[in-house]
Amino acid sequence: PLAQFHPNHTLPQNFFMIPHLRNERKGSPISAGNISSTGGCFLTTACCEHKGLPDDCYELTTLRSLRDHYMKQSVFGNGLIKIYYETAPAIIEKINKLDRKDEIYNEIYSKIVYIVDLIETKKYDDAVCEYVRMMFWAEKL
């Protein structure tokens with residue numbers, strides 16, 4: 001339930017071990033608001049595609065869950081999501097034109113893995129901050 005992601009509540013310890021988040025089931029396990037869990041993670045999706053990972057890989061599903069069930073619960077989180085949707089496509093386009101795009105996507109993936117680790121340890125605010133930091137870094141390329 002959405003209340004599980006409220007900052008004043010904690011998730012069950014095994015939340016991220018639930019099969020739908022461990023990529024043991026295909027499809028869209030989570031959907032909230034106007035954006036389904038299989039869309040909208042432009043930069044992360046581009047990176048995971050570059051790495052040959054499926055759209056329902058653990059990293060993407062985990063980040064989409066953070067977006068859908070944690071960030072969307074606040075005005076500020078919704079604002080960050082809106083900014084992301086407005087800026088990420090241009091960042092991806094810019095990265096794809098660079099000769100060193102493989103190196104950049106590898107760096108982004110290492111940042112994604114770190115962010116997923118933060119989510120797994122219930123450091124949701126830190127995960128959001130690190131994602132924003134990654135976006136600033138990528139925008140400056």
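The values are calculated or read from the model by the stated rules, or taken from the named source; none is laboratory data. Because the structure is a prediction, the values reported are computed rather than measured. A quick note on method: Cβ atoms are made from the backbone with ideal geometry, for glycine too, and the neighbour counts reach across all protein chains shown. SASA here: full protein model, heavy atoms, side chains in, ligands and nucleic acids out. Shrake-Rupley method; radii C 1.70, N 1.55, O 1.52, S 1.80 Å.
Averaged over its residues, segment 63-113 has an accessible area of 54 Å² per residue, based on protein heavy atoms and a 1.4 Å probe. Averaged over residues, the count of other Cβ atoms within 10 Å places the peptides 44-56, 95-107 in the sequence 44-56, 95-107, highest first. With both labels modelled 7 Å from their Cα along Cα-to-Cβ, the Ser74 to Tyr58 distance reads 2.7 nm. Overall shape: prolate for segment 36-141, with the ratio a/c of the largest to smallest alpha carbon gyration tensor axis at 1.5 or above and a/b above b/c.
Each peptide in 115-127, 81-93, 59-71 gets a packing score, the mean of other Cβ atoms within 10 Å over its residues, and the list from highest to lowest is 59-71, 115-127, 81-93. With all protein chains in place and ligands, DNA and RNA left out, the 1.4 Å accessible area ranks Phe76, Phe42, Phe136 as Phe76, Phe136, Phe42, largest first.
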